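Colleague: Please see the structure below; I have some questions.
The values are calculated or read from the model by the stated rules, or taken from the named source; none is laboratory data. Fair warning: this is a prediction, and the values are worked out from it, not measured in the lab. Please note: Cβ atoms are built from the backbone with ideal geometry, for glycine as well, and neighbour counts cover all protein chains shown. Ligands, DNA and RNA are stripped out before the accessible areas are found, and what is left, the full protein with its side chains, is counted by its heavy atoms. Shrake-Rupley method; radii C 1.70, N 1.55, O 1.52, S 1.80 Å.
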Amino acid sequence: MTTATATSPLDAALDRAARITPRLAELADPIDRGEADPARAYDLVRASGLLAAMIPADRGGLGLDFADYTRLLAELARANGAVALGYNMHNVAIGSLFEADADALGAAGSTFRDRVIDRVIDHGAMFASAASEPATGARLRGIATVYRRDDDDRFVLDGHKSFVSLSGVADHYVVTARPHDDDSGVEVSHFVVDADDPGVTFSTEWAGTALRGTSTAQMFLSDTVIDADRLFLGVEGMSLFKAVREPHWMAAGYLGAYLGLAEAIVEFAAARIGADERRRSSDADIARLGAMGVDLQAARALTLVAARGVARNRSHQDTNATVYAAKHHLGETTQKLAAQAVSLVGSAAMAADGPMQRLLREVQFCSIMPAKPADCLSYVGRGLLGVNMFDVSNHSW
Ligand SMILES: Cc1cc2nc3c(=O)[nH]c(=O)nc-3n(C[C@H](O)[C@H](O)[C@H](O)COP(=O)(O)OP(=O)(O)OC[C@H]3O[C@@H](n4cnc5c(N)ncnc54)[C@H](O)[C@@H]3O)c2cc1C
């Protein structure tokens, strides 16, 4: 008699990831060089079913929590960091919907959540997150994108988003905006805007030194009219307060992506040293590789402690402090590991046809994407001083 083994949600998700990571890895350098369209990688992600990662199992999704999600993202990023970062923005856009108690959402909130589930499960739709602006970066306070209501009670949006991953790839864009007649800075809401809504345009893709695979462009909204039911969860003015209480998606959704890049760097160094008979028996080289392994393990441990903390004890100041600490530590460690790999491996690390030159460029972005290093340290430091970090005035968001 055989006994059926229950598959955990994480195992099921990793199984799906394993079916696409070999191809994602092959596409990483061609996409980075502009020789392959990132859409090819996102077609694989769509086909894998991983867009439903955060949707509860009883609604047809994979039912991951934030800890499982972080590990899934690391697996994807080991293969293709840019695509993992792009995929993360889909989950940043909708992940929080499935953490909240569904019964406490109210009628408008439940309808909104059901529609998102329907779009992802039944239509394979991909969401993106359009928050950052030229004058404010990723901060919610002081944004220039505004909304007003028209005579039919619909929303009319005007604004400019500076960096939107998945531009031209995603079906729906979760856009932040403030009321046109409110300068308080704290009244920020999220709206779902479609790529083909009136007045929506995108710039050509951002020409950065890395992460072409995120498919990032600027987004413009000009007199964009959307129905009232596109207000996120049917609630106005909650975005900043939500980011303060539960910052994990905005501040650390992509922890797993940078963890995966760190793993890829250490694996690259180990493979190179391992392939060289002289160096694999050098005590000095073994110790340098070992030091990289120690740093990686410490970063992985803190990252997973933070991610598990979110899964078990969300909306808690100690949890949030660990999230910010992990974001800071992982950013520093990943960049340090990249420098160590170059120094240990030598010229082979800088070969244009090898992965390390790309990894070296990609990891720099951990300190550019929120929460920035100074903001992470500020959060942890203020927490140690007993400052109330649930008070929005103590935040730079
Ligand atoms: C490849 C890539 C993909 C991205 N994808 C997305 C995405 O999908 N969605 C998204 O929303 N964002 C995205 N971003 C944006 C990212 O999250 C950051 O917002 C952006 O990179 C920050 O850029 P910066 O460091 O130049 O700006 P920042 O240094 O954050 O500053 C931007 C502006 O904010 C102002 N500013 C700085 N500090 C303060 C302060 N303390 N108080 C008030 N104002 C201040 C300054 O005037 C400054 O010019 C992406 C970025 C990249 C590079």
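Colleague: Quick one: accessible area per residue over the chain, 1.4 Å probe, rounded to a whole number of Å²? The partial results should precede the final answer.
Modeller: Numbers: 16820 Å² over 397 residues.
I get 42 Å² per residue for this part.
Colleague: Right, something else. How compact is the chain by the rule of thumb for globular proteins, expressed as Cα Rg over 2.2 N^0.38 Å? Walk me through the numbers before you get to the answer.
Modeller: Values: Rg = 21.2 Å, N = 397, 2.2 N^0.38 = 21.4 Å.
Taking the Cα Rg and dividing by 2.2 N^0.38 Å, one obtains 0.99.
Colleague: I need to check one value: relative contact order of the chain, counting alpha carbon pairs closer than 8 Å and at least 6 residues apart, in percent. Please list the in-between numbers first.
Modeller: Values: 708 pairs, mean separation 64.5, N = 397.
Taking the mean separation of contacting Cα pairs over the length of the chain, I get 16 percent.
Colleague: Hull surface divided by four, with the convex hull built on the Cα atoms of segment 31-129: how many nm²?
Modeller: 6.4
Colleague: Just to be sure I understand: with springs between alpha-carbon atoms less than 10 Å apart, which residue in Glu26, Glu205, Glu35 has the highest mean-square fluctuation in the Gaussian network model of the chain?
Modeller: In this elastic network of the chain, the residue with the biggest mean-square fluctuation among Glu26, Glu205, Glu35 is Glu35.
Colleague: Further question on the same structure: Pick out which of Ala28, Ala348, Ala41 has the largest mean-square fluctuation in a Gaussian network model of the chain, springs linking Cα atoms closer than 10 Å.
Modeller: Greatest mean-square fluctuation among the candidates belongs to Ala348.
Colleague: Roughly how many whole Å is it from the C-alpha centroid of segment 319-397 to that of segment 27-100?
Modeller: That distance is 21 Å.
Colleague: Here is a further query. Would you work out what percent of the accessible area of segment 78-211, with all protein chains in place, is carbon or sulfur (probe 1.4 Å)?
Modeller: Details: 2490 of 5240 Å².
Carbon with sulfur: 47 percent of the solvent-accessible area.
Colleague: Where does the charge balance sit around Ser396 when Lys and Arg score +1, Asp and Glu -1, over other residues with C-beta under 11 Å from its C-beta? Spell out each step's value before the answer.
Modeller: Details: positive: Arg139, Arg141, Lys372, Arg382; negative: Asp375.
Neighbour charge sum, excluding Ser396 itself: +3.
Colleague: Stokes-Einstein diffusion coefficient for segment 128-237 at 37 °C in a medium of 0.692 mPa s, Rh from the Kirkwood formula over Cα pairs: what value in µm²/s? List each step's numbers first, then the result.
Modeller: On the way: Rh = 14.0 Å.
Rounded to a whole number, D works out at 235 µm²/s.
Colleague: Now, a different point. With an 8 Å cut-off on Cα pairs and a minimum separation of 6 or more residues, tell me the relative contact order of segment 128-237 in percent. Spell out each step's value before the answer.
Modeller: Numbers: 258 pairs, mean separation 34.3, N = 110.
Over segment 128-237, the number comes to 31 percent.
Colleague: Related question: Please tell me the relative contact order of segment 9-126 in percent, rounded to the nearest whole number, where contacts are Cα pairs under 8 Å and at least six residues apart. If you can, show how the numbers build up before the last one.
Modeller: On the way: 115 pairs, mean separation 34.9, N = 118.
Over segment 9-126, the number comes to 30 percent.
Colleague: Translational diffusion coefficient of segment 323-397 at 37 °C, 0.692 mPa s, Stokes-Einstein with Kirkwood Rh over Cα pairs, in µm²/s as a whole number. Let's see the in-between values first.
Modeller: Numbers: Rh = 14.1 Å.
Calculated translational D: 233 µm²/s.
Colleague: Oh, and also: Round to the nearest 0.05 the FRET efficiency obtained for Ser110 and Ser184 when R0 = 25 Å and r is the Cβ-Cβ distance.
Modeller: Numbers: r = 29 Å, r/R0 = 1.15.
The calculated FRET efficiency here is 0.30.
Colleague: Let me ask something additional. In the Gaussian network model of the chain, springs joining C-alpha atoms below 10 Å, which of His329, His316, His90 carries the largest mean-square fluctuation?
Modeller: Among His329, His316, His90, the largest mean-square fluctuation in the Gaussian network model of the chain belongs to His316.
Colleague: How many percent of the accessible area of segment 246-394 is carbon or sulfur, using a 1.4 Å probe? Before the final figure, lay out the partial values.
Modeller: Working: 3560 of 6400 Å².
The computed percentage sits at 56.
Colleague: Could you report the accessible area of Asp158 in Å², rounded to 10, computed with a 1.4 Å probe on the protein chains as they sit in the structure?
Modeller: Roughly 50 Å² of Asp158 is accessible to a 1.4 Å probe.
Colleague: Could you pull out every one of the lysines with an alpha carbon less than 23 Å from that of Lys161, ignoring same-chain neighbours closer than 8 positions?
Modeller: Straight-line reach from Lys161, under 23 Å: Lys242, Lys372.
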